[in-house]
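These notes are about the structure you will find just below.
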Amino acid sequence: MKMELNEFLISAEEFGQRTGPHDAIVLSSRVRLARNIVGIPFPGRADRESKQRVLETVQPAVESLPEMKSHFSGAMADLKAVEKQILMERHLISREHAAKGAGSGIVLNRDETLCVMVNEEDHLRIQSIRPGLQLKQVWQRIDKFDSELEAKIGYAFSDKLGYLTACPTNLGTGIRVSAMLHLPGLVLNEQVNQIIQAVNKLGHTVRGFYGEGTEALGHIFQVSNQMTLGETEAEIVERINKVVLQIVEHEATARRTLLEKKPNELFNHVGRALGVTAHAHIISSKEAMNLLSLLRLGISMNLMPGLERSSLDELFLLIQPAHLQQTCGEKLASEQRDLVRAGLLRKRMKGVKGVKPPPEPSDA
Amino acid sequence: MKCSQCESPATVHLTEIIDGKTKKIDLCESCAKEKGVTDPSGFALADLLLGLGASSEIESSGEGKQLVCGACGFTQADFKKSGRLGCPECYSTFADPLEAMLKQMHKDTLHRGKVPAHLKEQRERGMKRADLQMQLEESIKAENYELAAQIRDQLKQFAVSTASRPKE
Ligand SMILES: [Zn+2]
Ligand SMILES: [Zn+2]
């Protein structure tokens, strides 16, 4: 029995309802491990035959693990373009992987918190993702999964250099620890570039998740480690966790500052975002993401009674091109998507009352 | 401006601050795509930037002689082009030129993280066996033959349990 991907995936609604620590600011925590099989060229160098052999070795091994009890497993060559894009919009596979054909594949678990890309840049890219700030838990989980898998697959490992990876930047632990952050407060306060530079100086990477610097779409940024060799995984996780907590603190302060020092500006941003999403008839995904981001900010500050964060996070997914097409059940040209997107937003924002400023603190 | 990967005109220009140093890269449309520069998961860019900077490093430290990986046929020129290695064996082939680059790229050049369980066991077994062997020699030297016999038994058992260990 072969299950179709769209039957397997959890709904956008369920996706939006997931919660985690600090989720008003931290959208998700992710750990990725790069692993390769001993004695076989890396995917970039391997011929079709050995890639196929890797896929046929790795997929059943991954599927047999308890964490993958219920799973979707498939070859990239068998997935439709729109399905690959849906996986990308959910951040389950990379753009590079979506472009792969014969010899590459994925295995995904039931709640979409564990995903193995086979023959991306490395033979295995194992990823674990959780909502909110849960880097340590995510690491513990993927560590266990990886240990179970290593009993079935002979990993390429060197005593001195650790796990051997196609790119030397991933060598050693093969680990990439990252958190996706929602930072509208820092962007509106024009502090975000300062934060980016400070964190980069520490040897970590911060960048706009979709775009660069203050132009980051949806005010979403990603923090991740850069060095993978010479430290333990736990040390790397701990450092990124610390950096994220500091950014969370700065963002929280920025939001408070906006409310105290520039309330009218804040209410104006959020109110206009509601106005446009509730009444526009043509809207690009770029504009929609920025407006939804402002509404999400408003919700986190209790300015938007009647609008839930979960439905905002659901919309964030639903307005993406492939998800829109899936909802409509047909392929849509870009102009059509902008119409359908606007229609969806109008429907969802119907009846949402405007910005309601919090009561003035009385000096009793 | 030309693409730093091939000779086509560059259309994608990237700047990123890494470790306080500004790195610039120019790529043509197809190389940018190939490198996943547009990747929303964002992992590829740092890899790319470091990979490229690193490849010029590896080239200059080669001292003219062209190394080739015996396992996969990968050359230094291939590495420069892709910023990636060909196979796990490449790390032995290019060990010398890689050393300097890894130093620049990472905290240290010695792995301190996770070790696969079966290797850990192997490592510990090796250490334990060496330890027993030393005790055996000492006990013989001290003419404590009773103890020597005991240790010999332990070593024998050790060999049996090692041999009966299922292979992978
Ligand atoms: Zn090019
Ligand atoms: Zn090689």
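The values are calculated or read from the model by the stated rules, or taken from the named source; none is laboratory data. These numbers come from a predicted model, not from an experiment. Positions of Cβ are generated from backbone atoms using ideal geometry, with glycine treated the same way; all protein chains shown enter the neighbour counts. Heavy atoms of the whole protein, side chains included, go into the accessibility calculation; ligands, DNA and RNA do not. Shrake-Rupley method; radii C 1.70, N 1.55, O 1.52, S 1.80 Å.
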Past 23 Å, Cα to Cα: identify those pairs from A:69/A:144; A:160/B:156; A:100/B:103; A:160/B:103; A:51/A:136; A:51/A:100, in the order given. A:160/B:156; A:100/B:103; A:51/A:136
Using a 7 Å offset from the Cα along the Cα-to-Cβ direction at both residue A:151 and residue A:80, what is the distance between the two label points in nm, to one decimal? 4.0
Rg (one decimal) and Dmax (whole number) from the Cα set of the protein assembly as shown, in Å, equal 26.3, 96
Normalised by the empirical 2.2 N^0.38 Å for globular proteins, what value does the Cα Rg of segment A:99-160 take? 1.24
When averaged across all projection directions, what area in nm² does the alpha-carbon convex hull of segment A:242-364 cover? 9.4
First obtain the Kirkwood hydrodynamic radius of segment A:5-249 from its Cα pairs, then insert it into the Stokes-Einstein equation at 10 °C and 1.306 mPa s, and state the resulting D in µm² per second as a whole number. 86
Using a 10 Å cut-off on Cβ to Cβ distances, tally the other chain neighbours for every residue of B:77-87 and report the average as a whole number. 5
Tell me, how many Å apart are the Cα centres for segment A:84-158 and for segment A:194-251? 21
Quote the accessible area belonging to residue A:53 in square angstrom, nearest 10, computed with a 1.4 Å probe and with ligands, DNA and RNA left uncounted. 130
At a probe size of 1.4 Å, how large is the accessible area of residue A:323, to the nearest 10 Å²? 0
Amide hydrogen neighbours beyond the local backbone of residue A:28, cut-off 5 Å, H modeled: A:132, A:180
With every protein chain in place, segment A:213-364: carbon and sulfur % of accessible area (1.4 Å): 52
In square nanometres and to one decimal, what's the mean projected area of the convex hull around the Cα atoms of segment B:117-163? 3.0
Take every Cα pair under 8 Å in segment A:222-364 that's 6+ residues apart, average their separations, divide by the length, and report that relative contact order as a whole percent. 28
For residue A:242, list the aspartates and glutamates whose Cα falls under 17 Å from its own Cα; do not include residues on the same chain fewer than 8 positions away. A:23, A:231, A:233, A:251
Could you tell me the calculated FRET efficiency between residue B:132 and residue B:92, based on Cβ-Cβ distance and R0 = 25 angstrom, to the nearest 0.05? 0.20
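Work through the residues other than residue B:110 whose Cβ is under 13 Å from its Cβ and net out their charges, Lys, Arg +1 and Asp, Glu -1.
0
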Using 27 Å as the Cα-Cα cut-off, could you pick out the over-long pairs in A:84/A:286; A:262/A:356; A:331/B:81? A:331/B:81
Along its principal axes, what span do the Cα atoms of segment A:35-131 show, with the longest given first and each in whole Å? 36, 29, 21
Non-local residues with an amide H under 5 Å from the amide H of residue A:111, with H modelled 1.01 Å from N and Pro and chain starts lacking one, are none
Sorting B:122, B:132, B:145 by the position of each Cα along the dipole of segment B:117-163 (Lys, Arg +1; Asp, Glu -1; all at Cβ), the one nearest the positive end of that ordering is B:122
Contact order relative to length of chain A, as percent, for alpha carbon pairs under 8 angstrom and 6 or more apart: 19
Give the B-A buried accessible area in Å², both sides summed, 1.4 Å probe, nearest 100. 4500
Rounded to whole Å², per residue accessible area for segment A:5-249 with a 1.4 Å probe reads 34
Just read off the accessible area of residue B:92 with the full protein assembly in place, 1.4 Å probe, to the nearest 10 Å². 80
Name the residues of segment A:114-158, by number, that are at least 50 Å² less accessible with every protein chain in place than in the isolated chain; the surface is that of heavy atoms, probe 1.4 Å, without ligands or nucleic acids. A:150, A:157
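Suppose accessible area is computed on protein heavy atoms with a 1.4 Å probe; arrange A:97, A:269 from highest to lowest.
Details: A:97 0, A:269 65 Å².
Largest accessible area first, the list is A:269, A:97.
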Between residue A:350 and residue A:19, the FRET efficiency computed from the C-beta separation at R0 = 22 Å comes out, to the nearest 0.05, as 0.30
